[in-house]
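The values are calculated or read from the model by the stated rules, or taken from the named source; none is laboratory data. Predicted model only: the values in this text are computed from it and were never measured. Here the Cβ positions follow ideal geometry from the backbone for every residue, glycine too, while neighbour counts run over all protein chains shown.
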Amino acid sequence: MVVDDQGLILHSLATLLNSVEDFEVIGTAKNGVILLQLLEEKKPDVIIVDINMPKMSGIEVTKIIDGKMPWIKIIALSMYSHPQYIKEMLRNGAKGFLSKNCLAEELFAAIRLVFEGKTYLDKSCSEIITHNFSQTQPDVNTNLQLLTAREIEIIRVLADGMVTKEIATKLFISDKTVVRHKNNILKKLNLRNTAQLIKVAVEHGILIQ
């Protein structure tokens, strides 16, 4: 589904996505209120939503959907790549964030990755977040530099939703080694759990390969 309060953009996006063989736009909405009314009937896999809309912002609607239907993947598509917008969208459940200036091919790639359960931030958003956090959270930013290549690899497969045994199989290491790596990562970054780790990874662009 596509959600945008600007009719021309809404129609153009729907037409563009319907032209791709493996996509089907099953519904559109001009604001978050209409989107919520349609969700039970339409049951989309992915929603592309603008942030600044009348009646209900993209941030508000994302939070509601993530609470009620967390299996739906949400991608923010906005003209405004402000750090606070990006962080709020990700904090409330969005799995992707792209500028409306992005190329069509990048949008297609982001949809496919998010549908598979991964997270996608376009390059400009990743750079904005990294710069913003380097200014406001120097300790976290410095500690990230302590991570080894293997630890970064562990973070990325954790973000894909893999559990310990799956990670061990994928990386050809033991379950105990996976747990040790994970504990070391949490200790280096002063984090308590995997949820906090994935949030930091997203905000700092670690998931962008």
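Across the range 166-196, what is the number of residues that are of a type in the set (D, E, K, R) and touching a residue at least 12 places away in the same chain (Cβ under 8 Å)?
Start the filter on the range 166-196 by keeping residues that are of a type in the set (D, E, K, R), which leaves 166, 170, 175-176, 180, 182, 187-188, 192.
Filter again for touching a residue at least 12 places away in the same chain (Cβ under 8 Å), leaving 170, 182, 188.
The total comes to 3.
Would you kindly identify the helices (runs of 4 or more DSSP H) lying entirely within the range 79-179 that contain at least 3 residues that are modelled with pLDDT of 85 or more, more than 30 Å from Val20 (Cα to Cα) and outside the structural domain of Lys63 (by TED's automatic domain parsing)? Please lay out each step first, then the result.
Values: elements: 83-91, 104-115, 123-136, 138-144, 149-159, 164-171.
Filter on the range 79-179 gives 149-159, 164-171.
Pairs please, first residue from the range 85-97 and among the hydroxyl-bearing types (Ser, Thr, Tyr), second anywhere and outside any helix (DSSP H, G or I), Cβ atoms under 7 Å, 6+ apart in sequence or on different chains.
Hits for this filter: Tyr85/Ile51; Tyr85/Ser78.
Considering only the range 59-81, how many residues are more than 16 Å from Tyr120 (Cβ to Cβ) and either within 15 Å of the chain's Cα centre (by Cα) or in contact (Cβ under 8 Å) with a residue 40 or more places away in the chain (or both)? Can you show your working first?
From the range 59-81, those more than 16 Å from Tyr120 (Cβ to Cβ) are 59-61, 63-71, 79-80; that's our starting set.
Then drop every residue that is not either within 15 Å of the chain's Cα centre (by Cα) or in contact (Cβ under 8 Å) with a residue 40 or more places away in the chain (or both), which leaves 59, 61, 63, 65-66, 70-71.
The total comes to 7.
Scan the range 6-61 residue by residue and report those that are in contact with a helix residue (DSSP H, G or I) (Cβ under 6 Å, 6 or more places away or on another chain) and hydroxyl-bearing (Ser, Thr, Tyr).
Residue satisfying the conditions is Thr28 alone.
Restricting the range 48-78 to residues that are within 12 Å of Val33 (Cα to Cα) and in contact with an Asp or Glu (Cβ under 7 Å, 6 or more places away or on another chain), which is modelled with the highest pLDDT?
Only one residue tops the list, namely Gly58.
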